[in-house]
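Here the structure is laid out as structure tokens; the discussion comes afterwards.
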Amino acid sequence: MIGRGGAPFRSIMLGVATGLAVLGILSGCSLQQRKEERRIPQYGVVDLGQPRELNQVLLPPYVIEPPDELEVIVRPSSIDLTQRIVTVQPDGVIDLGFGGVFPVVGLTIEQAEAVITERLKDRLRREGETPDDPIEVSVRLANPSRSKFFYVIGAVSNQGPIPYTGGETVLRAILQAGLRPNSLPEKAYLSRPQTLGQPDVVLRIDWEAIRDRGDTTTNYQVFPGDRIVVPGTKERGILQTLLGG
């Protein structure tokens, strides 16, 4: 028979003490995390007038900005253009080689077509050339927009700008950015840039309603320039990670 002071008994007691200590640490960490969550404010208001999933709106005509890539097609083909796919340069122009340089920044696609058409006509008149057929210009985006972005910021796996392709919603944006173990999407909000002097637009996101009930009330349509902020607590320590705390 082994006495109470024997080695096996001491090992058992040491294990129990270690287990209690670990539980105490995890409980303290969990309590600290809940305190952190309560300290993080919930920003924004719910705006029922905002476009959202199942009630989206069309965006205004696309505005060309650097560094968009454009495909420019000109008819008749007798007009010499050495470039067909062009990038909008930082100074807002496109270079069509011998066809000339054309300012397009801030223009819609339709406006860019009109500007290029008129400038080509002027050039041909100065050179004394008259094409047999009327000049027609077609401009389109050669690739998806390279100048329009929205942003997901905070406790997400992929923080930063996300190219805007159209039709994005809060749900899609947050899932695309990816949540982390310390993310608090239930306190997420959307901040929309406004012109100088206009009031801030900060929209509360009800993540649990979107995720659990399919509620579209705050699954807002995302527009270029929007900032979606996902707050988070401090990163979990190694012990918490290993033990699932």
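The values are calculated or read from the model by the stated rules, or taken from the named source; none is laboratory data. Here the structure is a predicted model, which means the values were calculated and not measured. Cβ placement follows ideal geometry from the backbone for every residue including glycine, while neighbour counts extend to all protein chains displayed. In case anyone asks, the SASA skips ligands and DNA or RNA and just uses the protein heavy atoms, side chains included. Shrake-Rupley method; radii C 1.70, N 1.55, O 1.52, S 1.80 Å.
A quick yes/no check of all residues on (1) modelled with pLDDT of 85 or more; (2) charged (D, E, K, R); (3) open to solvent by 50 Å² or more (accessible area, probe 1.4 Å):
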site: Gly5; (1), (2), (3): no, no, yes
site: Met13; (1), (2), (3): no, no, yes
site: Glu65; (1), (2), (3): yes, yes, yes
site: Gly92; (1), (2), (3): yes, no, no
| note | Matching residues in the stretch 42-53 (open to solvent by less than 90 Å² (accessible area, probe 1.4 Å), in contact (Cβ under 8 Å) with a residue 24 or more places away in the chain, in a loop (DSSP other than H, G, I, E, B) and of a type outside the set (A, V, I, L, M)) number 6
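If you check Leu171 against the conditions, is it at pLDDT 95 or above, surrounded by 15 or more Cβ atoms within 10 Å (Cβ to Cβ), in contact with a helix residue (DSSP H, G or I) (Cβ under 9 Å, 6 or more places away or on another chain) and assigned to a strand (DSSP E or B)?
Working: at pLDDT 95 or above: yes; surrounded by 15 or more Cβ atoms within 10 Å (Cβ to Cβ): yes; in contact with a helix residue (DSSP H, G or I) (Cβ under 9 Å, 6 or more places away or on another chain): yes; assigned to a strand (DSSP E or B): no.
In short, no.
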| message | Let me spell it out: the conditions are (1) open to solvent by less than 20 Å² (accessible area, probe 1.4 Å); (2) among the polar types (S, T, N, Q); (3) within 30 Å of Val115 (Cβ to Cβ), and Asn143 meets all of them except one. Which number is the exception? | response | (1)
| Residue within the stretch 146-165 that is farther than 24 Å from Gln221 by Cα and either more than 26 Å from the chain's Cα centre (by Cα) or not in a strand (DSSP E or B) (or both) present | no
| said: So, Thr233, is that one among the β-branched types (Val, Ile, Thr) and at pLDDT 90 or above or not? | reply: yes
| message | Show the residue pairs meeting these rules: Cβ distance below 6 Å; 6+ apart or different chains; first residue within the stretch 209-237 and more than 14 Å from Gly154 (Cβ to Cβ); second residue among the β-branched types (Val, Ile, Thr) and in a helix (DSSP H, G or I). | response | Asn219/Val170; Asn219/Ile210; Tyr220/Val170
| Gln56 being open to solvent by less than 40 Å² (accessible area, probe 1.4 Å) and either touching a Gly at 6+ places or on another chain (Cβ under 7 Å) or closer than 30 Å to Pro185 by Cα (or both) | no
| said: Taking the conditions exactly as written (at pLDDT 75 or above and open to solvent by 70 Å² or more (accessible area, probe 1.4 Å)), does Leu20 satisfy them or not? | reply: no
| In the list Glu127, Glu113, Glu118, which residue meets the criterion of being modelled with pLDDT of 95 or more, under 19 Å from Pro76 (Cβ atoms) and out of contact with any helix residue (DSSP H, G or I) (no Cβ under 9 Å at 6 or more places or on another chain)? | Glu113
| query | Could we say that Val152 is in contact with a strand residue (DSSP E or B) (Cβ under 9 Å, 6 or more places away or on another chain) and modelled with pLDDT of 95 or more here? | reply | yes
| Condition met for Arg140 (closer than 30 Å to Leu96 by Cβ and basic (Lys, Arg)) | yes
| note | Log entry, pairs with first residue in the stretch 109-134 being touching a residue at least 12 places away in the same chain (Cβ under 8 Å) and in a helix (DSSP H, G or I), second being acidic (Asp, Glu) and surrounded by 10 or more Cβ atoms within 10 Å (Cβ to Cβ), beta carbons closer than 8 Å, six or more apart or on different chains, reads Thr117/Glu136
